[in-house]
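J.: Okay, here's the structure, questions in a sec.
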Amino acid sequence: MKVVVAVKRVIDYNVKVRVKNDESGIETVNVKMSMNPFDEIAVEEAIRLHEAGIATEVIAVSLGEAKCAETIRTALAMGADRGIHVKTDEELQPLAVAKLLKAICEKEKPDMVIVGKQAIDDDCSQTGQMLAALMGWAQGTFASKVEINDGKAQITREIDGGLETVELSMPIVVTTDLRLNEPRYASLPNIMKAKKKQIDEYSPEDLNIDATPRLKTLRVDEPPPRKGGGKVADVAELVDKLKNEAGVI
Amino acid sequence: MSVLVIAEHDNHEIKGATLNTVTAAIALGAGDIEVLVAGQNCQTVAEQATAINGISKVRMVDNGLYGNGLAEPFAALVVGLAKDYTHILLSHTTSGKNVAPRVAALLDVVQVSDIMEVQSSNTFVRPIYAGNALATVQADDPKLVITVRSTAFEKAEISDEQVTIETLGAGDNPEISSFVGQELTRSERPELTSARIVVSGGRGMQSGDNFHLVEAVADKIGAGVGASRAAVDAGYVPNDYQVGQTGKIVAPELYVAVGISGAIQHLAGMKDSKVIVAINKDEEAPIFQVADYGLVGDLFEELPALTSELEKQGIKPR
Ligand SMILES: Cc1cc2nc3c(=O)[nH]c(=O)nc-3n(C[C@H](O)[C@H](O)[C@H](O)COP(=O)(O)OP(=O)(O)OC[C@H]3O[C@@H](n4cnc5c(N)ncnc54)[C@H](O)[C@@H]3O)c2cc1C
Ligand SMILES: Nc1ncnc2c1ncn2[C@@H]1O[C@H](COP(=O)(O)O)[C@@H](O)[C@H]1O
């Protein structure tokens, strides 16, 4: 069974992002970039399926600027077998990413694609479901457990009220939730080995996909600041304030 | 042309978030609003929906295919109905997020996720980077699929008049998925996303057992109980308690954060609350920067003291 994982290069989750002065977007110059945390979980899950003898090959795919190759190398160092880089400097939105991933799926014919449940930059939570739709496949979104048996997958999903389990016919798309696994760190020898692994490069044109953004960003603003910092001395003052000043209890 | 709102429900009761989504639909000013209730034995839900103010029709599909909200058949059904609508709206809940992108991709149109404001029928404000920035976005596709942040819109009112129910047949069954089971967290307390007050515990709680200290306070003021990711990951409380960028977004009148440091991912889920209280022993904790009332202290002393103070001052759940 072949597994494709999608890994997005995003601003590191520890960075406090800043809106550009001209309100056109977010400052990305000299900002630390990392693999989207949910995609680390996706890579880890694929590697575990490989180690369990269920997956035969794990292919890490990233789409975007030249430096996405670094994100692919990270996935290779974690244990993915080879990489695919769809290279473009244009902005890619979820529907375009899903179409490009579909083109890759048609070439590679995987039985499973694992993506993050959400990219922590655009917070869209769309790509996996869109890919599943375009392929006509079933989807196991927000997965906290993945089990594969005789061409079927049992996926435990995190839903608003608790947990839900569904059974899906392969091939499938899985989107990862935080508690699916804990991603490993790449060891130094594996980082060295990863340098020799193969990364194929395509452009959106090579794949015959029109990746033009459908959604125009008119402006980006800072959210209105919150005036915090007030203190109370003890619980008596707290209850008094909540009751008589804020009127919320 | 008109707007379709997909109702969220459990076959018995319509979920409150649907009412917020209807308000967003009204704000579009894009024509009549119809509500789709698809489920199994969902007649009572459809009847509840008929009384939502501002809608013109309820369309009901009562079929076993939709009993558990599986995305594959559900999206196929919505796509089959899509030609009548310029906008298709769902709540930005786990079920809305599961279905909406599937619908958008099958229609080859853009999805606008988690909108917080409607500026016009094609221009919206939505949070990016965990709400650390707000993007104003415009979509020119002939049809739009939209998910709505419930806490950013009021609930539509319930009227005395009722619109009609149109019954429809089932759509295609892709036959690629089936429902196995559910394990729902049972609680007598108010549901997190709609609670008027939320009290959340973090890693500072140290164990699941200690959460009874949070619950004692919550019960005095009629609050729902939430948690940080660290508390959930440590197994103190179930997964669906998580408040934050990747958990639930809440905006209650009062949010009380106990033993929570205030990471941006947590703030993303609660910083739109009207009043924020933080109890933390570290006076440098970032949570204090957003708190209206910060109490520096050890939660193991402060929580029992707070419970008795609420008792003493005669505070009751509203
Ligand atoms: C992709 C991604 C998504 C994430 N999504 C979320 C999310 O949705 N929600 C979320 O919450 N987090 C999320 N996180 C995690 C987030 O970054 C923080 O790690 C998490 O919020 C920390 O939880 P905490 O505040 O409970 O723990 P800590 O940061 O460890 O803070 C514990 C606090 O308790 C205080 N404390 C300890 N003992 C006591 C005591 N006896 N009395 C009083 N105070 C005490 C300490 O002073 C400290 O401030 C996400 C992270 C990533 C990478
Ligand atoms: N440019 C990209 N390159 C690689 N993977 C991506 C890209 N965009 C989205 N994805 C995948 O899709 C998931 C969900 O993204 P989104 O729909 O934008 O929230 C991410 O966690 C990634 O796994």
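The values are calculated or read from the model by the stated rules, or taken from the named source; none is laboratory data. Quick caveat, the model's predicted, so the values are computed rather than measured. Note that we place each Cβ from the backbone using ideal geometry, even for glycine, and neighbour counts take in every protein chain shown. Heads up: the accessible areas ignore ligands, DNA and RNA and are worked out on the full protein's heavy atoms, side chains in. Shrake-Rupley method; radii C 1.70, N 1.55, O 1.52, S 1.80 Å.
J.: Pick from the stretch A:1-15 the residues that are in a strand (DSSP E or B) and under 14 Å from residue B:129 (Cα atoms): which of them is nearest to ligand 1 (Cβ to nearest atom)?
T.: Narrowing the stretch A:1-15 to residues in a strand (DSSP E or B): A:2-6, A:9-11.
Then keep just the ones that are under 14 Å from residue B:129 (Cα atoms); that gives A:9-11.
Values: A:9: 15, A:10: 10, A:11: 12 Å.
Per the stated criteria, the residue is A:10.
J.: Could you grab me the full set of residues in the stretch B:99-119 that are free of Cβ contacts under 8 Å to residues at least 12 places away in the same chain and open to solvent by 10 Å² or more (accessible area, probe 1.4 Å)?
T.: Step one: filter the stretch B:99-119 for residues free of Cβ contacts under 8 Å to residues at least 12 places away in the same chain, giving B:105, B:108.
Once the filter is applied, which keeps residues that are free of Cβ contacts under 8 Å to residues at least 12 places away in the same chain and open to solvent by 10 Å² or more (accessible area, probe 1.4 Å), the stretch B:99-119 yields only B:108.
J.: For the stretch B:67-87, does any single residue satisfy the condition of being at the interface with chain A (Cβ under 7 Å from one of its Cβ atoms) and open to solvent by 40 Å² or more (accessible area, probe 1.4 Å)?
T.: Taking every residue of the stretch B:67-87 in turn, none turns out to be at the interface with chain A (Cβ under 7 Å from one of its Cβ atoms) and open to solvent by 40 Å² or more (accessible area, probe 1.4 Å).
J.: Looking for whichever is crowded, with 21+ Cβ neighbours inside 10 Å and either modelled with pLDDT under 95 or under 30 Å from residue A:145 (Cβ atoms) (or both) here; the options are B:128, B:146. Which one fits? Spell out the reasoning first.
T.: Details: B:146 fails: either modelled with pLDDT under 95 or under 30 Å from residue A:145 (Cβ atoms) (or both).
None of the others qualify; the one that does is B:128.
J.: Looking only at the stretch A:16-43, filter to residues that are more than 13 Å from ligand 2 (Cβ to nearest atom) and not in a loop (DSSP other than H, G, I, E, B); which one of those is farthest from the chain's Cα centre (by Cα)? Write out each step before concluding.
T.: Residues of the stretch A:16-43 more than 13 Å from ligand 2 (Cβ to nearest atom): A:16-32.
Narrowing further to those that are not in a loop (DSSP other than H, G, I, E, B): A:19, A:26.
Working: A:19: 22, A:26: 19 Å.
Looking at residues that are more than 13 Å from ligand 2 (Cβ to nearest atom) and not in a loop (DSSP other than H, G, I, E, B), I get A:19.
J.: Same structure, new question: Which residues, counting only those in the stretch A:44-69, are away from ligand 2 (no atom under 16 Å from the Cβ) and in a strand (DSSP E or B)?
T.: Scanning the stretch A:44-69 gives a single hit, A:57.
J.: Among the numbered criteria (1) within 13 Å of ligand 1 (Cβ to nearest atom); (2) within 25 Å of residue A:125 (Cβ to Cβ); (3) open to solvent by 20 Å² or more (accessible area, probe 1.4 Å), which one does residue B:226 miss?
T.: (3)
Residues checked against (1) surrounded by 19 or more Cβ atoms within 10 Å (Cβ to Cβ); (2) of a type in the set (Val, Ile, Thr):
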| position | (1), (2) |
| --- | --- |
| B:231 | yes, no |
| B:234 | no, no |
| B:252 | yes, no |
| B:276 | yes, yes |
| B:283 | no, no |
| B:293 | yes, no |
| B:301 | no, no |
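J.: Among the residues of the stretch A:134-152, write down those that are in contact (Cβ under 8 Å) with a residue 24 or more places away in the chain and facing chain B (nearest Cβ under 10 Å). Full working, then the answer.
T.: To start, the set of residues in the stretch A:134-152 that are in contact (Cβ under 8 Å) with a residue 24 or more places away in the chain comprises A:134-135, A:137-146, A:148.
If the condition is that a residue be in contact (Cβ under 8 Å) with a residue 24 or more places away in the chain and facing chain B (nearest Cβ under 10 Å), then A:134, A:135, A:137, A:138, A:139, A:140, A:141, A:142, A:144 are the ones that fit.
J.: Let me ask something additional. For residue B:316, work out the one condition from (1) in a loop (DSSP other than H, G, I, E, B); (2) exposed (fewer than 14 other Cβ atoms within 10 Å of the Cβ); (3) over 27 Å from the mean Cα position of the chain (by Cα) it doesn't fulfil.
T.: (3)
J.: With (1) over 22 Å from residue A:124 (Cα atoms); (2) outside any strand (DSSP E or B); (3) open to solvent by 10 Å² or more (accessible area, probe 1.4 Å) as the list, and residue B:59 as the residue in question, which single condition is left unmet?
T.: (2)
J.: Is it the case that the stretch A:158-179 has a residue that's within 16 Å of ligand 2 (Cβ to nearest atom), in a loop (DSSP other than H, G, I, E, B) and either more than 9 Å from every other protein chain (Cβ to nearest Cβ) or surrounded by fewer than 20 Cβ atoms within 10 Å (Cβ to Cβ) (or both)?
T.: Restricting attention to the stretch A:158-179, the residues satisfying the condition of being within 16 Å of ligand 2 (Cβ to nearest atom) are A:158, A:172-179.
Okay, now just the ones that are also in a loop (DSSP other than H, G, I, E, B), so A:177.
Keeping just the survivors that are either more than 9 Å from every other protein chain (Cβ to nearest Cβ) or surrounded by fewer than 20 Cβ atoms within 10 Å (Cβ to Cβ) (or both) gives none.
Among the residues of the stretch A:158-179, not one is within 16 Å of ligand 2 (Cβ to nearest atom), in a loop (DSSP other than H, G, I, E, B) and either more than 9 Å from every other protein chain (Cβ to nearest Cβ) or surrounded by fewer than 20 Cβ atoms within 10 Å (Cβ to Cβ) (or both), which makes the answer no.
J.: When you scan the stretch B:64-125 for strands (runs of 3 or more DSSP E) that lie fully inside it, which ones turn up with 2 or more residues that are more than 30 Å from residue B:243 (Cβ to Cβ)?
T.: On the way: elements: B:85-91, B:111-115, B:117-120.
The qualifying strands (runs of 3 or more DSSP E) are B:85-91.
J.: Here are A:131, A:76, A:95: which of them is within 12 Å of another protein chain (Cβ to nearest Cβ) and open to solvent by less than 10 Å² (accessible area, probe 1.4 Å)? If you could, list the steps in order and put the result at the bottom.
T.: Working: A:76 fails: within 12 Å of another protein chain (Cβ to nearest Cβ); A:95 fails: open to solvent by less than 10 Å² (accessible area, probe 1.4 Å).
Only one candidate qualifies: A:131.
J.: Given the structure, is residue A:126 out of contact with any Cys (no Cβ under 8 Å at 6 or more places or on another chain), away from ligand 1 (no atom under 15 Å from the Cβ) and more than 18 Å from residue B:181 (Cβ to Cβ)?
T.: Numbers: out of contact with any Cys (no Cβ under 8 Å at 6 or more places or on another chain): yes; away from ligand 1 (no atom under 15 Å from the Cβ): yes; more than 18 Å from residue B:181 (Cβ to Cβ): yes.
When the stated conditions are applied, residue A:126 passes them.
J.: Ok, one more. Could you tell me which of the residues A:41, A:59, A:54 is within 16 Å of ligand 1 (Cβ to nearest atom), within 24 Å of residue A:180 (Cα to Cα) and among the aliphatic types (A, V, I, L, M)? Spell out the reasoning first.
T.: Working: A:59 fails: within 16 Å of ligand 1 (Cβ to nearest atom); A:54 fails: within 16 Å of ligand 1 (Cβ to nearest atom).
On inspection, the qualifying residue turns out to be A:41.
J.: Let me ask something else. Output the residues belonging to the stretch A:16-30 that are open to solvent by less than 40 Å² (accessible area, probe 1.4 Å) and within 16 Å of ligand 1 (Cβ to nearest atom). First the steps, then the outcome.
T.: Within the stretch A:16-30, the subset open to solvent by less than 40 Å² (accessible area, probe 1.4 Å) is A:17, A:19, A:25-26.
Within the stretch A:16-30, A:17 is the sole residue that qualifies.
J.: If you don't mind, another one. Would you point out which residue out of A:107, A:145 is open to solvent by 30 Å² or more (accessible area, probe 1.4 Å), under 22 Å from residue A:1 (Cα atoms), away from ligand 2 (no atom under 11 Å from the Cβ) and not in a strand (DSSP E or B)? Lay out the reasoning, then the answer.
T.: Values: A:145 fails: not in a strand (DSSP E or B).
A:107 is the lone residue from the list that is open to solvent by 30 Å² or more (accessible area, probe 1.4 Å), under 22 Å from residue A:1 (Cα atoms), away from ligand 2 (no atom under 11 Å from the Cβ) and not in a strand (DSSP E or B).
J.: Might you check whether a residue that is surrounded by 20 or more Cβ atoms within 10 Å (Cβ to Cβ) and more than 9 Å from chain B (Cβ to nearest Cβ) occurs anywhere in the stretch A:224-233?
T.: no
J.: Based on what the data block shows, is residue B:180 part of a strand (DSSP E or B) and open to solvent by 10 Å² or more (accessible area, probe 1.4 Å)? If you could, list the steps in order and put the result at the bottom.
T.: Numbers: part of a strand (DSSP E or B): yes; open to solvent by 10 Å² or more (accessible area, probe 1.4 Å): yes.
Against the criterion (part of a strand (DSSP E or B) and open to solvent by 10 Å² or more (accessible area, probe 1.4 Å)), residue B:180 qualifies.
J.: OK, next. Since residue B:193 meets every condition but one in (1) touching a Ser or Thr at 6+ places or on another chain (Cβ under 7 Å); (2) over 23 Å from residue B:231 (Cβ atoms); (3) touching a residue at least 24 places away in the same chain (Cβ under 8 Å); (4) within 14 Å of chain A (Cβ to nearest Cβ), which condition does it not meet?
T.: Residue B:193 satisfies all of (1) touching a Ser or Thr at 6+ places or on another chain (Cβ under 7 Å); (2) over 23 Å from residue B:231 (Cβ atoms); (3) touching a residue at least 24 places away in the same chain (Cβ under 8 Å); (4) within 14 Å of chain A (Cβ to nearest Cβ) except (2).
J.: Residue check, residue B:40 against (1) surrounded by 19 or more Cβ atoms within 10 Å (Cβ to Cβ); (2) in contact with a Gly (Cβ under 9 Å, 6 or more places away or on another chain); (3) more than 25 Å from residue A:217 (Cβ to Cβ), all met but one. Which one?
T.: The one condition residue B:40 does not meet is (1).
J.: Which pairs do you get when a residue that is farther than 18 Å from residue A:123 by Cβ and without any contact (Cβ under 8 Å) to a residue 40 or more places away in the chain, found in the stretch A:1-23, comes within reach of a residue that is of a type outside the set (S, T, N, Q) and part of a loop (DSSP other than H, G, I, E, B), reach meaning Cβ atoms under 9 angstrom, with the pair 6+ apart or on two chains?
T.: Close Cβ pairs (under 9 Å, with a partner that is of a type outside the set (S, T, N, Q) and part of a loop (DSSP other than H, G, I, E, B)) amount to A:21/A:27.
J.: Sticking with this structure for a sec: So residue A:193 passes all but one of these: (1) open to solvent by 50 Å² or more (accessible area, probe 1.4 Å); (2) within 11 Å of chain B (Cβ to nearest Cβ). Which condition number does it fail?
T.: Failed condition: (2).
J.: List pairs: first in the stretch A:27-48 and within 14 Å of another protein chain (Cβ to nearest Cβ), second in a helix (DSSP H, G or I), Cβ under 6 Å, 6+ apart or cross-chain?
T.: Within 6 Å, the pairs are A:41/A:180.
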